[in-house]
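Here's the structure we're looking at; comments come further down.
The values are calculated or read from the model by the stated rules, or taken from the named source; none is laboratory data. Nothing here was measured: the structure is a model prediction, and the numbers come from that model. When we count neighbours, we look across all protein chains shown, and the Cβ atoms used for this are built from the backbone with ideal geometry, even at glycine. Please note that ligands, DNA and RNA were not included when accessible areas were found on the heavy atoms of the full protein model with its side chains. Shrake-Rupley method; radii C 1.70, N 1.55, O 1.52, S 1.80 Å.
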Amino acid sequence: MPRHIHIEEAGDVAVVRIDRPPANALDLDLLAEGHEVRERLAREEPRAVVIVGRERFFSAGLDLKAAPTLNAAEQRATVDGINRLFLGWYGFPRPVVAAMNGHAVAGGLILALCADHRVCATEGRFGLTELRAGLPYPLAAIAVVRAELSAAAARRLVLGASLVEPPEALALGVVDELRPADEVLPRAIEVATEFAALPSATYRVVKRQLRGPAIDALERALGGGAGDPVLAAWVSNETSAAATGILRRD
């Protein structure tokens, strides 16, 4: 039974609505539910998918309140969940459009980067703030960033670890178009419907041709049995202090 993710139909498009108050932060439960939803849609094969958030948040990324409290097994499960979710959406064989209806930060922005097209609200802030939180990137997360952003944009966002406004996100190529907040979801459905009209079997093949090298490398790295090397120092005392500082500012 879904708790925080709901699937709605809009013609040939499946709308995946994430609703975990207050900011759609990713915890173990939401990661697991996200994987289950993606697996269901992979079986049902809608013509296209739109992913949208709640109110002013697409997703704030990892739940920073929970991160410093995770034990070793929970850290492994969280990193595995992040890798599985991002790799799954990045390689999803049908068209995927992100309706970025509000703030998209850290893992929330990377989830949007997994999409084939990103429609972004003119209000909100966006960034890759993992460094500021003291968290190295899981393999799938950094692979998507490298594949989807130019070297200059990735350097600006990853090493700067700051938030940008919508016009700069558009200029950096992080998003494809800007719309007023109330137009984001209708426009995303419109774009997804246009994608859905393309030959679906060929779309699957061409998308794999485009993203295959990154996906193949990730599958080899994550399937080798050693796990994600980031686990050796994913959550540290530095992480706890940095996460606490961010939460206090927010």
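Between the Cα long axis of helix 28-44 and the first principal axis of the chain there is an angle of about 20°, rounded to the nearest 10. Put simply, the amide H of VAL15, placed in the peptide plane, has neighbours under 5 Å in GLU8, GLU9, ALA10, VAL50, leaving out anything fewer than 5 places away on its chain.
For the stretch 120-127, the Karplus equation 6.51 cos²θ - 1.76 cosθ + 1.60, evaluated at θ = phi - 60°, returns couplings of 10, 5, 6, 10, x, 10, 9, x Hz by residue, with Gly and Pro reported as x. Model label sites at ASP176 and SER150, defined 7 Å from Cα along the beta-carbon direction, differ in position by 1.9 nm. Computed from backbone phi with θ = phi - 60° and the Karplus coefficients 6.51, -1.76 and 1.60, the 3J(HN,Hα) list for the stretch 161-174 is 6, 10, 8, 10, 7, x, x, 5, 4, 5, 5, 7, x, 6 Hz; x is used for glycine and proline. Only protein heavy atoms count here; under a 1.4 Å probe, HIS117 has an accessible surface of about 40 Å². Amide H contacts for THR122 (H built 1.01 Å from N in the peptide plane; partners 5 or more residues away or on another chain; cut-off under 5 Å): ARG179, ALA181. At what distance in angstrom do the alpha carbon centres of the stretch 75-108 and the stretch 36-66 lie from each other? Each part reduced to its Cα centre gives a spacing of 7 Å.
Helix 72-90 and the longest principal axis of the C-alpha atoms of the chain enclose an angle of approximately 20°.
The stretch between ARG208 and ALA66 holds 47.6 nm of extra length on full extension. This uses 0.36 nm per residue minus the Cα-Cα distance.
Counting only alpha carbon atoms, the long axis of helix 237-249 and the longest principal axis of the chain meet at about 60°. Working from Cα pairs under 8 Å separated by at least six residues, relative contact order for the chain is 22 percent.
The phi torsions of the stretch 137-150, fed into the Karplus equation with coefficients 6.51, -1.76 and 1.60 and a -60° offset, translate into couplings of 7, x, 4, 5, 5, 6, 5, 5, 4, 4, 6, 9, 10, 5 Hz, rounded to whole numbers, with Gly and Pro shown as x. Among the listed values [x] 59, 46, 37; [y] 50, 41, 41; [z] 50, 39, 36, the one computed from these coordinates for Cα extents along the principal axes in Å is [y].
Heavy-atom accessible area with a 1.4 Å probe sorts PHE92, PHE57, largest first, into PHE57, PHE92. For the stretch 73-130, the relative contact order works out to 35 percent when only alpha carbon pairs closer than 8 Å and six or more residues apart are counted.
Residue separation of GLU219 and GLU168 scaled by 0.36 nm, minus their Cα-Cα distance, works out to 15.1 nm of gained length. Gain on full extension, evaluated as 0.36 nm per residue between GLU74 and ARG56 minus their Cα-Cα distance, stands at 3.6 nm.
Suppose R0 equals 45 Å. What FRET efficiency, 1/(1 + (r/R0)^6) with r the Cβ-Cβ distance, do THR122 and ALA42 give to the nearest 0.05?
Values: r = 33 Å, r/R0 = 0.72.
For R0 = 45 Å, the calculated efficiency reads 0.85.
If R0 is 22 Å, the Cβ-Cβ spacing of GLU238 and HIS35 corresponds to a FRET efficiency of close to 0.15.
Note on the stretch 110-136 and the stretch 172-237: Cα centroid distance 12 Å, given to the nearest whole angstrom.
Site pair HIS6 and GLU194 shows an inter-label distance of 2.9 nm when each label is modelled 7 Å from Cα along Cα→Cβ.
Once you charge only the Cβ atoms, +1 for Lys and Arg and -1 for Asp and Glu, what is the size of the charge dipole of the stretch 1-67 about its Cα centre, to the nearest 20 debye? Don't jump to the answer; show the numbers that get you there.
Numbers: 10 positive and 13 negative charges, 40 e Å.
Approximately 200 debye in magnitude.
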